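**Student:** First the structure, then my questions, so here it is.
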Amino acid sequence: MSQPPGQPPQGGFGPPQNQPPQGQPPQGPPPQGGFGAPQQPPPQGGFGAPQQPPPGYGYPQQPQPGYGYPQQPPGPYGQPGPYGQAPGPYGPPPGAPYGTHPYPGTPGGPSGKKRTALVAGAVAVALLLIGGTVWAVTGGGGDDGEPVAHPTGDTRNSASPTTSADSGDGKGDGREDAEDLNAGRKPGESKVLWYKSAPDAPANGAEAPGLWVTDRTAVKAAYKEVVGFRVADGTPAWDPVTLPHEVCSVTKRADSDGKIVVAYMNGVSDRADCNQLQQIDLDTGKKGWHAEVGKGTGLFDSIRDIELSLAGQSLIVGRDQSGTAYDVATGKKLYDLKKYGTDCYPAAFAGDSRRLVQVASCGAGGAKERDEIRELDPATGRTKWTRAVSKGWRAERVLSVNPLVVYLTNRDKKAWNISALDSGGRFRAEVKVDEKFALGCGFLSFRRGLQSCRDVAADATTLYLPTEATNSANEIVAIGLADGKEKWRVKSPVDRPTVPMGIQGGSLIAYADAAYSQGGRVLSIPTGSGAHRPATLLRNPDGAAKIESGFYDAGTVWSGGRFFIATNRLGGQDDSEEKLMMAYGK
């Protein structure tokens, strides 16, 4: 695909209204708020419409043999937006076309042959169902273009394995009658270092977000607690941090000092808000600063559901139509991100150690309705550049912050698009691979969770995407960010789906799902020139596969030669013990 002209036509990415001739810049300066006109506030909860919640909300489905992860339940979503629009289907039906390109000055879709940049029907399913597959959130990065998998260091772990299942009381000691998870372990299989069951949760379920791993500690939030265990043997690293009410949001990575921030509810009623912020040190469990998030400025600027994003040394708290930045080290409020221009409302944020990206919804219902993507200075909130998206297209997810890769949808055209932007917000390339990808974006309301896609990795030049699969082998495709073309692909070495976890030392780290009777695998795939043959770093024991495959909406981390897997949602089941997390090593 050819590059667009240096100056984007008025109206933003894609086929805007009254587009000037291709290759000619717009006449006059852009309207306030970026290229093109702003639009009206987004529906309540952010932007983008989800499916209606499935029946049985709060009760996890049983994993299917051979796949392992069921559909993720929604949060408190599925409500009509403030402008009378009820949520509709989240994505195109099977066979949907690629559609018109959402950037100016570029070809509008396939010419002479079918081409899907991000998939049609199977990806709609993938975003919802495969969203329950693995993802990587680490203490050192992952959602910011930095390596998701920590450096392996010395993989010759000296700790002896804890072979009995843990009682789940937070003490790290197993029951006398606990199952030996390493019984019958075969040559070449890894060891289960330790396993923890989950705390009791209410009958309608509870959140268990986040999984952070340092050199010493593995930390997990679960319902009203944050617990930490020593990575080698699973013994308690510190007493559980008990919070007054349920955890409702977390920073997906730690700051540069090894601290996270969790948000919890200020009550238990239907009117309770997710507005209490608490800093926690991962290695010591000590509480740091505490803050209360202020209410939004508009009728629909709710704090019932917030998103926490780390960008540079700032913590961005995203509401439905605004945001507030805090100094992540001290909790001091830095600035507010509010409505700008005529009617552009900040609706979602993405960040890494250097960059802050904001997506806003502008002028809804008007002729120039569109989203706007902006890069902001994390320290001050000042705008560095603004990039408009044409009417009908929505910037739903950020797959990578640095380099910036954006996933967009057009519901009217039933079309999908993945595009890379350069450091100034200019279009670089779009994915040109005729394939169905499973990005693991989960079930999220509207566009809350801009960085929620789990099964994606990127380095400076390449995007790594897994093809769609159900319970059999799939492929990981490497796509060049300069031209959107396929560089290479590699098939899963096992008859199960394999997804990227991150980049480490010039290799792609991937996880092959466990099946009901087969343990998962941690793989290393060379990304440079030459062969891209997967090498097995860990082959998890088949004897523990039933537990490994049954982690609900699982998150994963590869760190220090150990593999960690944990649930992100508790079902509140009274008839059986729920899983929380498990660690493997050699």
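**Student:** Using a basic spin-label model with each label point 7 Å from the Cα along Cα→Cβ, how many nm lie between V268 and K491?
**Tutor:** 5.4 nm
**Student:** Right, here's the next one. Using 0.36 nm per residue of separation minus the Cα-Cα distance, give me the extension gain between R216 and R426 in nm, one decimal.
**Tutor:** Taking R216 through R426 to full extension adds about 71.4 nm, to one decimal.
**Student:** Provide the gained length on full extension for the span T242 to D434, in nm with one decimal, where the gain is 0.36 nm per separating residue minus the Cα-Cα distance.
**Tutor:** Computed gain between T242 and D434 is 64.2 nm.
**Student:** Check W488: other-chain or 5+ apart residues with amide H under 5 Å from its amide H, H built from backbone geometry?
**Tutor:** Amide H to amide H, under 5 Å and 5 or more residues apart or across chains, W488 pairs with A478.
**Student:** Mind listing the long-range amide H neighbours of R370? Cut-off is under 5 Å, sequence gap 5 or more, other chains count too, H placed in the peptide plane at 1.01 Å from N.
**Tutor:** Result for R370 returns Q39, C362.
**Student:** Another question, then. What ³J(HN,Hα) values, in whole Hz, does the Karplus curve 6.51 cos²θ - 1.76 cosθ + 1.60 give for the stretch 483-489 when θ = phi - 60°, with x put for Gly and Pro?
**Tutor:** Per residue, the Karplus-derived 3J(HN,Hα) values read 10, x, 8, 5, 8, 6, 9 Hz.
**Student:** What are the ³J(HN,Hα) values, in whole Hz, obtained from phi via the Karplus relation 6.51 cos²θ - 1.76 cosθ + 1.60 with θ = phi - 60°, for each residue of the stretch 262-277 in sequence order, with x given for Gly and Pro?
**Tutor:** 10, 10, 9, 5, 9, x, 10, 6, 5, 9, 5, 10, 8, 9, 9, 10
**Student:** Separate question: Filter the cross-link list K332/K579; K487/K579; K224/K259; K333/K384 down to pairs whose alpha-carbon distance in this structure exceeds 29 Å.
**Tutor:** Beyond 29 Å: K332/K579; K487/K579.
**Student:** Put a dot 7 Å past each Cα toward the Cβ at T383 and K186; how far apart are the dots in nm?
**Tutor:** About 5.9 nm, to one decimal.
**Student:** Multiplying the sequence separation of Q573 and T330 by 0.36 nm and subtracting their Cα-Cα distance, what value in nm do you get?
**Tutor:** 83.6 nm
**Student:** For the stretch 244-308, what does the relative contact order come out to in percent, with C-alpha contacts under 8 Å and a separation of six or more?
**Tutor:** 29 percent
**Student:** Let me ask another. List, in the order given, every pair from K252/K295; K252/K287; K339/K432; K196/K286 whose Cα-Cα distance in the structure shown is over 28 Å.
**Tutor:** K339/K432
**Student:** Ok, one more. Return the long-range amide H neighbours of Y516 (sequence gap of 5 or more, or a different chain), with a cut-off of under 5 Å between placed amide H atoms.
**Tutor:** Long-range HN contacts for Y516: G66, Y67.
Any read-out appearing in this document is the output of simple, stated calculations on the displayed coordinates, not a laboratory observation. Everything numeric here is computed off the predicted structure, so don't read it as measured data. Reconstructed Cβ throughout: ideal geometry from the backbone, glycine too, with neighbour counts over all protein chains shown.
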